[in-house]
């Protein structure tokens, strides 16, 4: 049964800069393990960027890769999140919330919609209208997908999260069918707002996350 979120849950923001994907993956696992042992620990929001890397969800289809990873040498990882293949690169803000949903709502659909809402409200602050598409997860602006979302939840502790394209080189997406969606292009905020400052967006994202999830930042 869903519960009402408890206001003023403490959440630590950890801004890591540009770090390798597997380093962030290991850090997430460590944080989740700590909270499985002690569910009263504060929540954490990891905000970072990755060097170029492709990731596939647990059941992601390799046919959505337009290249042979054994030939290209590009970094590719299959991980335990939901969703299909996506691409991470510098200029994209990746958010990994480590939350105990027992303090919010034990409802994965609610959680996914909340993550989308963070992005939608952030975009509104820049005068952009973020949209959801029926049956799909993520956020679009004028038909272009600017934010992808994929999560893993273990005993109501969350990991993985969202990737927001701020000002990044989108050519890496040309080598995949992003999220398995062929007919909808990927976009970035810089296409709509020239000279966008990624650090400004990062700070606005932190504030918006706190408002949507009703957490107290520490």
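Across the range 124-218, how large is the tail of the calculated P(r) beyond 21 Å, expressed as a percent of all Cα pairs? Don't skip to the end; give the middle numbers.
Working: 1740 of 4465 pairs.
When every Cα pair of the range 124-218 is considered, 39 percent fall beyond 21 Å.
When peptides 58-66, 141-149 are ranked by their average number of other Cβ atoms within 10 Å per residue, the highest-first order is 141-149, 58-66.
Where the centroid of each part is defined by its Cα atoms, how far is the range 90-107 from the range 125-191 in Å? One Cα centre to the other: 15 Å. Secondary-structure-derived ellipticity at 222 nm for the chain, considering helices only, amounts to -8000 deg cm²/dmol, per-run term -39500 (n - 2.57) for DSSP H runs with n ≥ 4. Potential lengthening of the chain between residue 126 and residue 169 amounts to 13.4 nm, from the contour at 0.36 nm per residue minus the alpha-carbon distance. At an R0 of 45 angstrom, the distance between the Cβ atoms of residue 58 and residue 195 translates into a FRET efficiency of 0.70. The DSSP beta bridges internal to the chain are antiparallel in roughly 65% of cases.
For the range 105-202, give me the percentage of DSSP beta bridges that are antiparallel, rounded to the nearest 5 percent.
Details: 12 of 13 bridges.
Around 90 percent of the beta bridges assigned by DSSP in the range 105-202 are antiparallel ones.
Please list 13-21, 205-213 highest first by mean number of surrounding beta-carbon atoms within 10 Å per residue. If you can, show how the numbers build up before the last one.
Details: 13-21: 14.0, 205-213: 18.4.
Ranking the peptides 13-21, 205-213 by packing returns 205-213, 13-21.
Treating r as the C-beta distance of residue 214 and residue 71 and R0 as 41 Å, the FRET efficiency rounds to 0.30. Its alpha carbons give the chain an Rg and a Dmax of 16.5, 50 Å.
Only the coordinates and a few stated rules stand behind these numbers; no lab work does. Predicted model, so just to flag it, every value in this text is computed and none were measured. Cβ: placed from backbone, ideal geometry, glycine included. Neighbour counts: every protein chain shown.
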